[in-house]
1. Lys/Arg Cβ at +1, Asp/Glu Cβ at -1, dipole of the range 133-224 taken about the Cα centre: which of I196, H133, Y157 is farthest positive-ward?
2. Sequence gap at least 6, Cα distance under 8 Å: using those rules, report the relative contact order of the chain to the nearest whole percent.
3. Would you mind getting the accessible area per residue of the range 2-92, heavy atoms of the protein chains only, 1.4 Å probe, in Å²?
4. Here are a few candidate values for Rg and Dmax of the Cα atoms in Å: (i) 16.8, 55; (ii) 20.1, 62; (iii) 16.9, 51. Which one was actually calculated from the structure I just gave you?
5. For the range 74-177, calculate the relative contact order in percent as a whole number, restricting contacts to Cα pairs under 8 Å that are 6 or more residues apart.
6. For the range 191-227 and the range 13-46, what is the separation of their Cα centres, given in Å?
7. First compute the accessible area of the chain with a 1.4 Å probe, then give the percent of it belonging to carbon and sulfur atoms.
8. Using helices alone, I'd like the mean residue ellipticity at 222 nm for the chain: each DSSP H run of four-plus residues gives -39500 (n - 2.57), total over residue count, nearest 500.
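The values are calculated or read from the model by the stated rules, or taken from the named source; none is laboratory data. Quantities reported herein were computed from a predicted structural model and do not represent experimental measurements. Virtual Cβ from ideal backbone geometry, glycine too; neighbours counted across all protein chains shown. Protein only, heavy atoms only, side chains kept; ligands, DNA and RNA dropped before computing areas. Shrake-Rupley method; radii C 1.70, N 1.55, O 1.52, S 1.80 Å.
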Amino acid sequence: METFTKRNPAPLEAAGLRWLAEAGARVPRIVAESASELVLERVPAGTLNAAGEEELGRMLARMHAAGAPRFGSLPAAGRFFVGACELPSPEGDDWNDYYLQHRCLPLARRVGLEREVAAVRVDAPVEAPARLHGDLWSGNLLAGADGRPWLIDPAAYGGHREVDLAMLDLFGRIPARTAAAYDEVVPLAEGWSERIPLWQLFPLLVHAVLFGGGYLRQAAELARRLR
């Protein structure tokens with residue numbers, strides 16, 4: 001088995017991989033781990049094919065349905081990072097309030113967008129906490145040589161399931177077959193695609209904190225549109 005060694009992994013990365021695997025997600029096997037290194041099974045590179053796109057939808061639906069104790073629950077005790085951005089992750093029971101107060105506003109304060117983000121309207125359907133990958137942009141979705149999907153680099157926590165789908169759509173797109181297969185396993189709530197921009201505010205704020213520039217402008221413009 002070929003391996004890949006990741007230097008200085010996020011504190012909860014290994015725990016997140018295990019948590020998602022317990023819910024049926026395909027993730028690389030953990031070979032060895034320490035605070036400074038995470039040795040993983042290497043995924044042979046390929047391209048996500050039609051069957052893989054459908055499998056991704058079913059896999060995400062089942063992973064999300066496995067749930068989490070509360071919104072903000074982590075796979076283990078420790079510090080929560082999204083990429084290189086550390087963020088407190090208290091637990092809560094009202095996602096609409098939680099998303100604004102504990103995901104978006106702490107980041108907005110760091111980049112001077114508190115007023116704009118505080119005015120954002122969050123009104124998603126009430127659902128139980130889903131088991132999220134948490135950083136599911138296209139770079140954290142791999143395809144094996146057989147065209148099947150693999151998930152890497154999680155920032156896992158309990159949240160609203162639409163957040164993962166919105167993240168997948170931020171720097172790429174949600175394949176139509178993926179959305180359809182997901183909906184067959186666990187139907188998506190009415191209006192979920194219209195809420196994609198709302199959930200994309202969070203990763204844009206993460207990028208604004210880390211990189212500033214164009215991401216800061218995008219986050220500010222999106223916040224104003226979401227009032």
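1. Value computed over the given set: I196.
2. Contact order relative to length: 26 percent.
3. Here the residues of the range 2-92 average 48 Å² of exposed surface.
4. (iii)
5. 26
6. 29
7. 49
8. -11000 deg cm²/dmol, from helical runs alone.
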